[in-house]
Amino acid sequence: MKKGNLSDCAGCALTPQQKVCMNPEGKGAKGCPTLGKKKLADQAQKKYQLEDVREFARQASIQEGECYAGREKRPYVMHPTKPRIQEICEFARKMGYTRLGLVFCVGLYKEAAIVAQIFQNQGFETVSIACKVGSVPKEEIGVGDSEKIFIGEHESMCNPILQAMVVNDAKTDFNILLGLCVGHDSLFFKYAEALTTVLAVKDRVTGHNPLGPIYLCGNYYSWLNMP
């Protein structure tokens, strides 16, 4: 595919009201997929006609709207009111889910215990599974001793494929990821049967707030933008 045909929404400098993706009367910048990917758009719309996909998307959009207060006011100023943990519970209830998979990193044991308790208090059955399940040494996947965190000691590999198999075996309705590492989360997504959402991602430096360095890339994290 030629570079000129690649989607570049991140590079679009148009205002929200100028963007064709947000305003049918608007326009698109170079590489705009709304204007240039009509065939793919038609294919996507056909997927939304599948009953289960349509309902999932419908409830997700309803949930999105319900996260803002005072929408009937004019002029309207966005007023968000719900944290993500509340959103997850409400969305799962909308979908009629009863059994949730809580897939977490061992570094967030305390947080996982709190989240599991919240889910249970909200009436959900919870299947929780930590990343080190199976106690498989990292050497099994070719990791050398010098590449481990604790050199010279046993170190269990993160096992997202087994995490996926455990929640699959429990036939969870919906899975929630909490703090899995980059790449490990990808393998879980690949092997999980139920759809999955993310409560929080791993960021060891920022207290699991990965947007922190993005907001600070103009000063304290400016070195991230260096070639």
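The values are calculated or read from the model by the stated rules, or taken from the named source; none is laboratory data. Just so it is clear, the model here is predicted, and its values are computed rather than measured. Cβ: placed from backbone, ideal geometry, glycine included. Neighbour counts: every protein chain shown. For the accessible areas, the whole protein counts, side chains as well, though only heavy atoms, and no ligand, DNA or RNA atoms are used. Shrake-Rupley method; radii C 1.70, N 1.55, O 1.52, S 1.80 Å.
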Give me the net charge of CYS105's neighbourhood, meaning all other residues with Cβ under 15 Å from the Cβ of CYS105; Lys, Arg count +1, Asp, Glu -1.
-> 0
Rounded if a/c under 1.5, otherwise prolate or oblate - region 1-62, Cα gyration tensor axes | oblate
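Write down the accessible area per residue of the chain in Å², having rolled a 1.4 Å probe over the full set of protein chains. Can you show the working numbers first?
Details: 15240 Å² over 227 residues.
Accessible area per residue, the chain: 67 Å².
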By the gyration tensor of its Cα atoms, with a ≥ b ≥ c the square roots of the eigenvalues, what is the shape of region 125-227: rounded for a/c under 1.5, prolate for a/b over b/c, or oblate?
-> oblate
Any idea what % of Cα-Cα pairs in region 108-181 are farther than 14 Å?
-> 66
Value of Rg/Rh across region 76-137 [Cα atoms, Kirkwood radius] | 1.10
Express in Å², to the nearest 10, the accessible area of MET165 obtained by rolling a 1.4 Å probe over the protein heavy atoms while all chains stay in place.
-> 110
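Express in % the proportion of alpha carbon pairs of region 1-116 at distances exceeding 18 Å. Don't jump to the answer; show the numbers that get you there.
Details: 4754 of 6670 pairs.
Of the Cα pairs, 71 percent sit more than 18 Å apart.
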Which value, to two decimals, describes the C-alpha radius of gyration of the chain once divided by 2.2 N^0.38 Å?
-> 1.23
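Rounded to the nearest percent, how much of the accessible area of region 112-222 (1.4 Å probe, protein heavy atoms only) is carbon and sulfur? It would help to have the intermediate numbers written out before the result.
Values: 3650 of 6360 Å².
Carbon plus sulfur share of accessible area: 57 percent.
Quick one: net charge around GLY142, please, counting Lys, Arg +1 and Asp, Glu -1 for every other residue with C-beta under 14 Å from its C-beta. Mind showing how you got there, number by number?
Details: positive: LYS138, LYS148; negative: GLU139, GLU140, ASP145, GLU147, GLU155.
Taking every other residue near GLY142 into account, the sum is -3.
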Any idea how far the Cα center of region 149-200 sits from the one of region 18-40, in Å?
-> 36
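Report for the chain the percent antiparallel among DSSP-assigned beta bridges with both residues inside it, nearest 5.
On the way: 2 of 18 bridges.
Here the antiparallel bridges make up roughly 10 percent for the chain.
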Return the carbon/sulfur percentage of the accessible area of region 1-58, one whole number, probe 1.4 Å, all protein chains in place.
-> 56
Positive-end extreme of charge dipole, region 20-152 - chosen from GLY96, ALA116, SER146 (charges on Cβ) | GLY96
Accessible surface of THR34 - all protein chains present, 1.4 Å probe, nearest 10 Å² = 60
